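Here's the structure we're looking at; comments come further down.
Readers should treat all values here as calculations from the given coordinates under stated rules, not as data from a laboratory. Computed from a predicted model, the values in this text were never measured in an experiment. When we count neighbours, we look across all protein chains shown, and the Cβ atoms used for this are built from the backbone with ideal geometry, even at glycine.
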Amino acid sequence: MEENWANLIYLGVFLGFLLYGLAVSKTIKAKEIIRYSAYWLGIALVLVIVYSYRSEFKGFTNKISGELNPSSARLDENGSITINSSIGDHFYVNLLINNKKVRLMVDTGATDLTLSLRDAKKVGINIDKLIFNKRYHTANGISRGASVNLDHIRISDLEFDNVKASVNQGRMNNSLMGINFLKRFKKYEFSDNKLVLTP
C-alpha cells in the first residue's frame, strides 16, 4: 500500500514539473493547461474506480452476458455454474466435447447425456461402427441409442474426463444433457429461471 502511495506521489511531482515547464515555455496557455489537467485527472479517477470495483464489475458483466447469451455457462464466485433459461423456459448450455463446441438442452427426463448423430460426428465419433442396442422410451415413441465414452468435456472452467454418454439413432433437434451428467455435480437446482450446478 505504501509503495502505491509513493508511486502516486512521484507521478504527481512529475506531472507538476511537466505542467510548470509548459506554462513557463508559454507554448500552451494557462487555461488550456488547466483544462487538459482536468481531463487527465478525470480519466485517472475513472481508472481508479474501475480497478477498485473490478470484482463487482466482473459480476455485473457476467450477469449481462448471461442475459444476452443464455447458453453461456457462467462460473460464479463460489464455484457454482449458472445457466439462464431461454425462450420457452428450456435450458441450453454450450459445452466443449473433445474440444468441439456442442449445444445441449438440459433434460432431467433423459437418462444419459445423449448426442445427436450430427453432434456425434462433430466430436469425432465414427457412427458407422456404433451398435444401437439401447432402447429409450420417448414422447415420440421408442428410439435406439449406442453407448459411447467421451474423452473430455468442458463446461465453463470445469473439466470432466471419460464421460459415459449415448448417441441417438433417431432424429434429434438438440443433443441432451441428461441425469447421468447432472449427477456429476454435488447439487443441481432450478430457481428463478436459472439452473445452478454446484460442483
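Suppose R0 equals 35 Å. What FRET efficiency, 1/(1 + (r/R0)^6) with r the Cβ-Cβ distance, do ASP76 and ILE142 give to the nearest 0.05?
Efficiency, from the Cβ-Cβ distance: 0.30.
Can you list the HN-Hα couplings for the stretch 179-191, worked out from phi with the Karplus curve (6.51, -1.76, 1.60; θ = phi - 60°), rounded to whole Hz and with x for Gly and Pro?
Running phi through 6.51 cos²θ - 1.76 cosθ + 1.60 with θ = phi - 60° gives 4, 4, 7, 4, 6, 6, 9, 4, 7, 9, 8, 9, 7 Hz.
Spin-label point model (7 Å from Cα, Cβ direction): what's the ASN180 to HIS152 distance in nm?
Output for this residue pair reads 2.1 nm.
Largest first, please: the extent of the C-alpha atoms of the stretch 82-164 along each principal axis, to the nearest Å.
The Cα atoms of the stretch 82-164 stretch 35, 29, 18 Å along their principal axes.
Pull out the extension gain between ILE43 and THR108, defined as 0.36 nm times the separation in residues minus the alpha carbon to alpha carbon distance; nm, one decimal.
18.4 nm is the gain from fully extending ILE43 to THR108.
What is the extension gain from ASP161 to LYS129, computed as 0.36 nm multiplied by their sequence separation minus the C-alpha to C-alpha distance, in nm to one decimal?
Result: 9.3 nm gained on full extension.
Which of the peptides 97-110, 185-198 is most tightly packed, and how do the rest follow, judged by the mean count of other Cβ atoms within 10 Å per residue?
97-110, 185-198
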